[in-house]
Amino acid sequence: MMTGNTLALEKTDRLAIVERLMERYNAHDADGYADMFAEHGSEAMYRGDVLREGREGVREGLRAMFAEFPRNHAEVRAQYVVGNNVVLHEVVRRAPEVEPFEVVSIYSFSGGDIERVEFVR
């Protein structure tokens, strides 16, 4: 049986994982970011196309994106833990001269690794 404290700790752990992930994203650390994914993890549009498949696909996709947008940065406006998921509301700016866009990111987990991220835009 799970106690309330155990559940809260697990939620806190998942949130801490995503916070570390976002630090690596904003540092343009594609390797560190990808290493937080399960081997079979993926990034996808919400209920749609997979953008990056597998840990190596995530790594290569982010390297390409950071090369194309060297000043890319995401600001987390809100964060929630819902069940086994972490949900972020972000504002992403690709470059100072480009309009930012909003995105909601939904992170699901497999053990201590991120299994899937779905983006709502």
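Taken together, the values in this text are just the output of simple stated rules run on the coordinates, not laboratory data. Bear in mind that the values here come from a model prediction, so they are computed numbers and not experimental data. Don't worry about glycine lacking a Cβ; one is built from the backbone with ideal geometry, like all the others, and counts go over all protein chains shown.
So which GluC sites (Glu not before Pro) in the range 84-121 are both in a DSSP loop and have at most 15 other Cβ atoms within 10 Å of their Cβ? Here the GluC sites (Glu not before Pro) that fit, given the DSSP loop and packing criteria, are Glu97. Helix 54-68 axis versus longest C-alpha principal axis of the chain: approximately 40°, rounded to the nearest ten.
A full extension of the chain between Ala44 and Asn26 corresponds to an added length of 4.6 nm, given 0.36 nm per residue minus the alpha carbon distance.
Distance between the modelled labels on Arg71 and His89, one decimal in nanometres: 2.7 nm (7 Å Cα→Cβ projection). Here the contact order of the range 4-120, divided by its residue count and restricted to Cα pairs under 8 Å and six or more residues apart, works out to 25 percent. Roughly how tilted is helix 4-26, in degrees to the nearest 10 and between 0 and 90, from the longest Cα axis of the chain? Orientation of helix 4-26: about 10 degrees from the principal axis.
Remark: spin-label model distance Tyr80-Glu97 equals 3.8 nm, labels positioned 7 Å along the Cα→Cβ axis. Calculated mean residue ellipticity, 222 nm, the chain: -11500 deg cm²/dmol, from DSSP H runs (n ≥ 4) at -39500 (n - 2.57) each, averaged per residue and rounded to 500.
Shown is the FRET efficiency for Glu60 and Ala16, computed with R0 = 30 Å from the Cβ-Cβ distance and rounded to the nearest 0.05: 0.70. From least to most packed, judged by other beta carbons within 10 angstrom and beginning with the fewest, Leu62, Leu51 follow the order Leu51, Leu62.
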